[in-house]
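Take a look at the structure set out below.
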């Protein structure tokens, strides 16, 4: 029996099993087995390098990468053509895009790589419709932009979330607040900082034994931790936590009431590629979700050049700024002067550990 058949058998058994106190341990073990099999299913095949396939090995460039994910013919290629200078082939039939097509979005002084991926179909997590390649490329992104057909309500979103969830992609979530250390001896030690509502010591113990982890230390810090959270911690090498912006296209074909409901949802933007409506709003929302920080540098006695921003990630420090400017700059670093939101007074003399904020101006002083 192949891996796909085993997955289907476990999924069918889980559907047949009634959810109650008596079956929760059995269901927990089934979830663990399912996670292991899905990880095996998506392991690279053919070739030592584990290539994701022709047209998918696109080098990561720019200050961030956004992957356009969605079903065929929802408007991904049209969106790419409108927000970048790249012309991705567009047609009114499925599977126009057969490879990953990169484009560059210039915004706020940043260069953001946009990757138009082939349309995902149901069963992509099992490798259907080039699913392995699409999902591997999505995992390398800083954000997923899920393009959806507004006339389909939430059915497309639910299917795509299920496919991405099945391969370990967690959208708009943080890693579980659970500590796990596998040891060589000493047995299993389980502690809870707060009494969990959905997870208990017996469940944790059984899942660890099922994974053949007979010596481990576990500390559950979150009272809302679930069985799925603990399985994610065990499979952390196969889990990716990515921000997602849900973009509903074709809003010109729905009622104003439905449009208003969609626009109010978290992590959501609405547009109509056909009528050129809302596309700039999508770009601005994407920039906001990425949480990139623009900083400007200046030399002593010279005004900063506000036309050229240095792009760093949120919570970056002066040390990170130095690394972006020149790898040897930290060796000669004496202190930095900062003007802007992160400064208590202007200018503030700071060390390498100082955390910068958007639109700060920085002057590096060498020894």
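Nothing in this text is a laboratory measurement; each read-out follows from the coordinates by a stated rule. This one's a predicted model, so the numbers in the text were calculated from it and none came from an experiment. Note that we place each Cβ from the backbone using ideal geometry, even for glycine, and neighbour counts take in every protein chain shown.
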Next on the checklist: Between region 333-367 and region 266-314, what is the separation of their alpha carbon centroids in Å?
Outcome noted: 22
Checklist entry - For region 148-303, what does the alpha-carbon gyration tensor say about shape, rounded, prolate or oblate, given a ≥ b ≥ c as the root eigenvalues, a/c under 1.5 as rounded, and a/b over b/c as prolate? => result oblate
Checklist outcome for this item: Here the FRET efficiency for residue 12 versus residue 198, based on Cβ atoms and R0 = 22 Å and rounded to 0.05, is 0.40
Checklist entry - Relative contact order for the chain: what is it in percent, counting Cα pairs under 8 Å that are at least 6 residues apart? => result 13
Checklist entry - If you build the Cα gyration tensor of the chain and take the root of 5 times each eigenvalue, what three semi-axes come out, in whole angstrom, biggest first? => result 38, 31, 20
Next on the checklist: Expected output is a single nm value to one decimal: the length gained when fully extending between residue 181 and residue 162, i.e. 0.36 nm times separation in residues minus the C-alpha distance. What is it?
Outcome noted: 3.9 nm
Next on the checklist: Semi-axes of the equivalent ellipsoid for region 307-367, please: Cα gyration tensor eigenvalues, times 5, square-rooted, ordered largest first, whole Å.
Outcome noted: 16, 14, 10
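For residue 280 and residue 224 in the same chain, what is the full-extension length gain: residue separation times 0.36 nm, less their Cα-Cα distance, in nm?
Fully extending the segment from residue 280 to residue 224 adds 16.4 nm.
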